[in-house]
Amino acid sequence: MEAELVREIPDGDGWQYEPKWDGFRGVLENLDGELNLWSRNERPLLRYFPELRGLGSMLPPSSALDGEIVIERHGALEFDVLQMRLHPAESRINRLAGEIPARFVAFDVLFWAGVPLHELLLDERRARLDQLPLDRSPASRDRSVALDWHERLEAAGFDGIVAKRLDQAYLPGSRDGVVKIKRHRTAECVVVGVRWSEPGVVATLLLGLYDEGGELHHVGSAAASAASKRAEIEARVVPLLFGEPSTEPIGPPNRWQSQKKALAWSRARPEAVVEVRFDKWQGMRFRHGTRLMRFRPDKKPDDCTIGQVILRPRAGDPTVDSLLSANS
């Protein structure tokens with residue numbers, strides 16, 4: 001099943017709330033004694049996570065679970081480390097599997113010993129899942145618990161909240177009865193350049209943040225397509241551009257970037273400051289594109305630091321282990 005993105009955690013009876021794990025979605029299945037692990041687009045994943053083969057002994061034949069492949073370090077989910085597994089070299093995969101093993105966190109049961117449990121309502125499926133001796137995502141029907149997770153789990157690498165209707169069967173490919181809520185924050189960034197959609201037309205602003213040593217890093221981009229912002233971009237950013245346009249890669253590598261032909265980009269003197277809205281900070285970049293909110297001529301470029309986007313866990317905040325152990 002898929003999930004529809006909404007702004008608010010739904011209220012009222014009939015909802016089950018879960019943390020939104022930040023990993024690779026996967027279906028773990030045992031068919032006649034052979035374990036398989038499939039991605040959402042039906043690609044085999046078990047070769048990248050050989051340490052999960054041991055779960056085969058816990059699934060009887062003709063069984064399947066829906067869940068998330070995650071890697072945890074120091075109590076938090078590490079998506080960057082997870083991406084490193086998608087590598088062609090088996091020796092590297094095996095080394096990483098031994099050093100930082102992945103886990104499979106189940107949040108639904110589809111078949112068990114040949115019984116088609118996906119036809120049952122979520123309320124019944126969850127009762128079956130809770131009987132299994134596996135890592136299971138916590139779930140609650142209390143909206144106040146979901147609100148607390150939404151407020152406190154981001155520092156542990158989680159990606160928001162998922163809410164599911166209890167009175168719904170499992171509907172593959174459907175978004176009916178499942179919603180996701182992501183937490184958004186804002187940050188002030190320096191404009192370090194632009195990408196061109198065509199000569200003379202700005203597609204995105206390239207964003208920079210300073211580290212503790214004063215070095216400026218390219219950390220992502222903000223779309224510049226809004227008609228209301230075009231005149232201001234031309235007035236505030238275009239005069240700061242210098243040098244010839246380039247198509248060389250800029251910023252840290254990202255496996256999930258589009259493989260389409262790269263757009264030309266130009267550098268800008270780091271003088272203009274913008275406020276952007278974002279949903280996820282990962283490593284040294286914004287995971288997804290950000291939304292340009294406004295220019296901040298009242299802010300100094302030197303004040304645009306990485307420290308404003310890094311969340312530090314507070315005393316008592318949940319960790320991956322505390323969530324899973326409380327659910328065992």
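The values are calculated or read from the model by the stated rules, or taken from the named source; none is laboratory data. Since the model is a prediction, treat every value here as computed from it, not as a measurement. Counting neighbours? That spans all protein chains shown, and the Cβs are built from the backbone with ideal geometry, glycine included. Protein only, heavy atoms only, side chains kept; ligands, DNA and RNA dropped before computing areas. Shrake-Rupley method; radii C 1.70, N 1.55, O 1.52, S 1.80 Å.
What the table shows:
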| read-out | value |
| --- | --- |
| Pro252 vs. criteria modelled with pLDDT under 90, surrounded by 13 or more Cβ atoms within 10 Å (Cβ to Cβ) and not in a helix (DSSP H, G or I) | yes |
| Residues (modelled with pLDDT under 95 and charged (D, E, K, R)) located in the stretch 23-42 | Asp32, Glu34, Arg40, Glu42 |
| Test: Leu311 is surrounded by 18 or more Cβ atoms within 10 Å (Cβ to Cβ) and either part of a loop (DSSP other than H, G, I, E, B) or at pLDDT 90 or above (or both) | no |
| Residue count, the stretch 226-246 (criterion: open to solvent by 80 Å² or more (accessible area, probe 1.4 Å) and part of a loop (DSSP other than H, G, I, E, B)) | 0 |
| Unique match (being within 24 Å of the chain's Cα centre (by Cα), at pLDDT 90 or above and not in a strand (DSSP E or B)) among Ser221, Ser144 | Ser144 |
| Segments classed as strands (runs of 3 or more DSSP E), wholly inside the stretch 14-120, with at least 3 members that are hydrophobic (A, V, I, L, M, F, W, C) and open to solvent by less than 30 Å² (accessible area, probe 1.4 Å) | 63-70, 103-111 |
| Selection count, the stretch 73-95, where residues are in contact with a Gly (Cβ under 6 Å, 6 or more places away or on another chain) and over 18 Å from Gly26 (Cα atoms) | 1 |
| Residues (part of a loop (DSSP other than H, G, I, E, B), touching a residue at least 12 places away in the same chain (Cβ under 8 Å) and closer than 17 Å to Ser57 by Cα) located in the stretch 121-139 | Leu132, Pro133, Leu134, Asp135 |
| Test result for Gly173, out of contact with any helix residue (DSSP H, G or I) (no Cβ under 9 Å at 6 or more places or on another chain), open to solvent by 60 Å² or more (accessible area, probe 1.4 Å) and of a type in the set (Gly, Ala, Ser) | yes |
| Residues within the stretch 194-211 that are under 24 Å from Met284 (Cβ atoms), of a type in the set (Gly, Ala, Ser) and open to solvent by 10 Å² or more (accessible area, probe 1.4 Å), tallied | 1 |
| Test: residue in the stretch 180-193 that is modelled with pLDDT of 90 or more, under 20 Å from the mean Cα position of the chain (by Cα), at positive phi and crowded, with 19+ Cβ neighbours inside 10 Å | no |
| Residue that is farthest from Pro297 (Cα to Cα), among those in the stretch 200-213 that are touching a residue at least 24 places away in the same chain (Cβ under 8 Å) and not in a strand (DSSP E or B) | Glu212 |
| Residues located in the stretch 121-133, provided they are surrounded by fewer than 19 Cβ atoms within 10 Å (Cβ to Cβ) and aliphatic (A, V, I, L, M) | Leu121, Ala127, Leu132 |
| Subset of the stretch 1-25 (residues that are more than 17 Å from Phe158 (Cα to Cα) and small (Gly, Ala, Ser)) | Gly12, Gly14 |
